[in-house]
Structure formats: structure tokens, C-alpha cells
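To keep things clear, I will list the structure first and then write my remarks on it.
The values are calculated or read from the model by the stated rules, or taken from the named source; none is laboratory data. From a predicted model like this one, the values you see are computed outputs, not experimental measurements. Cβ placement follows ideal geometry from the backbone for every residue including glycine, while neighbour counts extend to all protein chains displayed.
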Amino acid sequence: MSNYIVEMLNIRKEFPGIVANNNVNLQLKKGEIHALLGENGAGKSTLMNVLFGLYQPEKGEIRVKGEVVKISDPNIANRLGIGMVHQHFMLVDTFTVAQNIILGSEPKKKGVFVDLKQAEKEIVELSERYGLRVDPKAKIRDISVGMQQRAEILKTLYRGAEVIILDEPTAVLTPQEIKELIGIMKSLINEGISIILITHKLKEIMEVCDRCTVIRKGEGIGTVNVSETNVDELASLMVGRDIVFTTEKTPAKPKDTILSIKNLEVKDSRQAVMVKGLNLNIQAGEIVGVAGIDGNGQSELIEAITGLRKVESGEILLHNKSITHLSTRKVTEAGVAHIPQDRHKFGLVLEYPIGENMVLQTYYQKPFSNFKVLSFKNIYQYASRLIEDYDVRTPSTRTKARALSGGNQQKAIIAREVDRSPDLLIAAQPTRGLDVGAIENIHKRLIKERDKGRAILLVSFELDEIINVSDRIAVMFDGQIVAEVKPEETNEQELGLLMAGSSKEKAGEL
């Protein structure tokens, strides 16, 4: 018997114009959490899609429990005990949790009818065994992202998975959901499941993983024991150079007020009031970070400023002129740029080439359009420059946005928004899904824009990012700004208490 439950040996995977994996090795032990680490576009997801049968390798060998296997499709992977939770979930919104979990593996009553009650019973038993706690009767569209992820994990377990691949599982989760997921991973390991964790988050690797395999530009760099390494070494292995985790910046020199929000009230799609009489000012030449637990009105605030959501009452002023009820295009033309929290819903047209996505805000203006006729030559010349300047890894400017890795999609959006040098830049989760090298670069870009005199509103669930990059921190709780603190005078513990509703005095005492 092999010491490994899964072995991928000398795997090579090619696409037109690019070698995604070249002689990569990964060996997974039974009952371990094994990290797969690499930059955006390094080939991590491609390698796991080979293991799951979505891609076929040009070279190499896969062994499961010591036996050489050919995994030509995901059904074979499932039969071999391999399940995968993709970065973008494969769930049907209008189906219940149970219907999604059993899809394609439905238990039958009398050999004909789907036995949904039996399935729901089995799902409850599975969820209790692994500490996943889901309501099998809830519809996917009505549950949180964290709960949707649990449904995806249960889907693999329902099919008998002994190996679970988690592709960037914490990229879209809140800090609390991340903590819960780490607990779930540990309980899965205790039950004999093996996990391959694709992630950029080095702290998570140090906290939960046993070993880590590093890929750089499609090449296998090697495998290390996590207990024998550290964050700095992992970062250096991943990007091939030393990384500075603290962003160097001079003190801000705020000037005129760019954005002024007065007594703002905004409702969500269910007509619940999410922003409640909020007041906030941002000046030219400063970065104001908004810290808050997800669901306290941050999304509604951003959508109101950018014209994506109706304002019930109050006023939003840019350069002392109202933009309160302007359309999104008019807000953009007034000098506002937006890096959205949801890059697929608000940031990209996934079926368009990445080059054309670079001009979504400006395609109708010169030099991209003359007399309402698009100049594709100018569009693609401009896109080529941005792709090079912001290190967007893509085979071509004409590659569809959908084909890029999540991190490279994010870099493309940031390039488009920052390059316009807006008066106000709204950055919502700007480094979500980015590797440490890209994060370092984006933070430097934000500081550079600040030093040019731009006003920047940074909304992030990453408290170290808020503290590291912001000049001023506004804490949001229950739809209001409940405190303002200076980053050099606070810490993650105090911010966490303020975000949970503690007064500034009480938080400062602890």
C-alpha cells in the first residue's frame, strides 16, 4: 500500500498558447490538510481540475491508493472518492439545499420516484456528523454564502468523498464564517477525510495545514512541512522574491472635502432599512477605511453612492454637488470609480474578451469611439498596456474574462478603475482572491492614488488591510458610523469589539 491516498506525478497541462502545469507533483497523505499555494494564474485550479477529471493532462500519472487511474470526467473522480468544491459554487438558486446535494445521485422510492424525505434525513445525519449544520429544506437563494459552501461540502460527502478539494474556500467568506470553516475542516480530518486546500492566505495555511505544495508560473517549486516554515518563507517561495507585509507610506495630507454623506437612509431589496442616518466625509489625499461585520449596511452604502441603489432620504455630495439620484453612468462621469465586492455581478461581462472589459466605463468616449463607431484597435492597445502594467495573467487580450483566474479577474477590474484616476475611488474588498505579491502591489497603488490627491473609500473585512492602508478608520455597525479611530492608535481586538457594537470607551478599556 502507498503512503499516499492521492499522487499526481509529473503532470503537464497545456492550453492554446500557454503551459498551465509543467511536471508538477503533489502527494496527499490520508487524514491531512495539504495546502496548494501559488500566485494568481500559477496553475493551482488547473491542477485540481485535472485531478477532478475536468481537464485531461498531456503528460503525467495519477494514482489513488497506490493504483494508477485515468480520471476522464468528474463522475469517475466521484467514484474514486474525490470531490471538489469550486471557488464559484455549482448550485441551483431555486432548488433547496437537499435538492442540490442529491442532484445526479437521487435516492429512488420504488425505483421510480425521488425519495426527498429519505435524502433530507441522510443530509441531516451527515451534517450532524461533520458539524456542518444546514437546513435541507432551505432554498439556496435564501441562505448565506457560508451556508452555500456547507451545502457544497455536504454534496461531496453525500457522494462518498474521501478526498475533498477546496478551491479558495475563504475568498468570499466573512471572518466569522472563515473561523467556522476552519473548525469544519478539522472535524472532517478527524473523521478520516483528506483535504487539498487551494488558498492565497498564508495565515490560514499556518493555522490549519500539515504540508504545503508551492507552484510558481505552472512549475512545481516543492513541498514543505508547515510546522517547519513561516509566512515569510512561504511568501518568498510563492512569488520568488521577498514580500513586505507592511505598506510604507507618509502621513496623509488631506485637502478639500471630496465626498460628503449627510443623514443617508438606504433600504435593501427586502425593504429593510440598512443604512440609518449615516454621516461621513472623505477628503482629497486620504484613505478612509470602513470596518464592519458583513451585513451592517456596507454593501447598501456603496450601492447608494455609485447609483446602483435608490436613496430613501439624505444626501450624497461630490465636490459639494449632489449625486444622490444620478444614474450609475452619471456618477461615473462625475468622477467616481468603483471596485465592486462582487466582481462577476458588477465588475465584468464574463463572456466579453478581457480587452473589452477594460473599457466598460469609457467605451463610448474618445479614443475608443468615434461617431458611435468603436475603435477596437485603440481599445486593445489600451487594454494591452493595462494588462502589462497590472500584471494581469492572460493568454491574450481577446481571451474571455470567464477564462481568467479569479485573482486575475480582480486585477483587471482594479487596473480599469484605478487607471482612470477618479476623484473618488471606492474599493470594496479590493484584494479578495489575490496572492500576497498582488496585494502588496495593490496597496502601493492605493497609496500612490492617495498621494495624487484622490479620495479613497476602502471597505474590507480584512482588519489587517484596514489598519495597514487606511489613514482614518470609520467603524460601521447597524447601518451607522459608530466610531472613528486612527489606525496607529487601535488594533484588531478593539476594532472587533467596536464592530460588534461596543462603545469606544468600553473597547478601549479591554
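Filtering the stretch 181-200 down to residues that are under 25 Å from Glu465 (Cα atoms) and buried (at least 19 other Cβ atoms within 10 Å of the Cβ), which residue is modelled with the lowest pLDDT?
This residue is His200.
Return yes when Leu458 is at pLDDT 90 or above, more than 26 Å from Leu37 (Cα to Cα), touching a Gly at 6+ places or on another chain (Cβ under 6 Å) and assigned to a strand (DSSP E or B) and no when it is not.
So Leu458 passes the test.
Looking at (1) over 29 Å from Tyr4 (Cα atoms); (2) without any contact (Cβ under 8 Å) to a residue 60 or more places away in the chain; (3) loosely packed, with under 14 Cβ neighbours inside 10 Å; (4) not β-branched (Val, Ile, Thr), which is the one condition that is false for Gln176?
(2)
Mind listing just one residue for me: the one in the stretch 114-142 that is surrounded by 15 or more Cβ atoms within 10 Å (Cβ to Cβ) and either in contact with a strand residue (DSSP E or B) (Cβ under 6 Å, 6 or more places away or on another chain) or in contact (Cβ under 8 Å) with a residue 60 or more places away in the chain (or both) and, of those, farthest from Phe89 (Cα to Cα)?
Taking the candidates together, the pick is Asp115.
Being small (Gly, Ala, Ser) and assigned to a strand (DSSP E or B) is the filter; apply it to the stretch 469-504 and report the residue that is farthest from Leu425 (Cα to Cα).
My answer is Ala483.
Among the listed residues Val85, Val24, Val68, Val97, identify the single one that is touching a helix residue (DSSP H, G or I) at 6+ places or on another chain (Cβ under 8 Å) and more than 30 Å from Arg393 (Cβ to Cβ).
Testing whether each residue is touching a helix residue (DSSP H, G or I) at 6+ places or on another chain (Cβ under 8 Å) and more than 30 Å from Arg393 (Cβ to Cβ) leaves just Val97.
Can you name the residue in the stretch 267-279 that is surrounded by fewer than 20 Cβ atoms within 10 Å (Cβ to Cβ), of a type outside the set (Gly, Ala, Ser) and in contact (Cβ under 8 Å) with a residue 24 or more places away in the chain and, of all such residues, is farthest from Val336 (Cα to Cα)?
Checking each candidate, the answer is Val273.
So that you can scan it fast, the table gives a plain yes or no per residue for (1) at pLDDT 90 or above; (2) part of a loop (DSSP other than H, G, I, E, B):
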site: Leu425; (1), (2): yes, no
site: Pro430; (1), (2): yes, yes
site: Ala438; (1), (2): no, no
site: Ile467; (1), (2): yes, no
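Residue check: is Arg416 among the charged types (D, E, K, R), under 21 Å from Leu446 (Cα atoms) and in a loop (DSSP other than H, G, I, E, B)?
no
What are the residues in the stretch 355-395 that are outside any loop (DSSP other than H, G, I, E, B), of a type in the set (A, V, I, L, M) and closer than 17 Å to Asn40 by Cβ, if any?
Result: Leu386, Ile387.
Yes or no: the stretch 15-33 includes at least one residue that is on the phi > 0 side of the Ramachandran plot and in contact with a strand residue (DSSP E or B) (Cβ under 9 Å, 6 or more places away or on another chain).
There is at least one residue in the stretch 15-33 that is on the phi > 0 side of the Ramachandran plot and in contact with a strand residue (DSSP E or B) (Cβ under 9 Å, 6 or more places away or on another chain).
Can you find even one residue in the stretch 444-452 that is in contact with a Leu (Cβ under 8 Å, 6 or more places away or on another chain), buried (at least 23 other Cβ atoms within 10 Å of the Cβ) and either assigned to a strand (DSSP E or B) or on the phi > 0 side of the Ramachandran plot (or both)?
For the stretch 444-452, residues in contact with a Leu (Cβ under 8 Å, 6 or more places away or on another chain), buried (at least 23 other Cβ atoms within 10 Å of the Cβ) and either assigned to a strand (DSSP E or B) or on the phi > 0 side of the Ramachandran plot (or both): absent.
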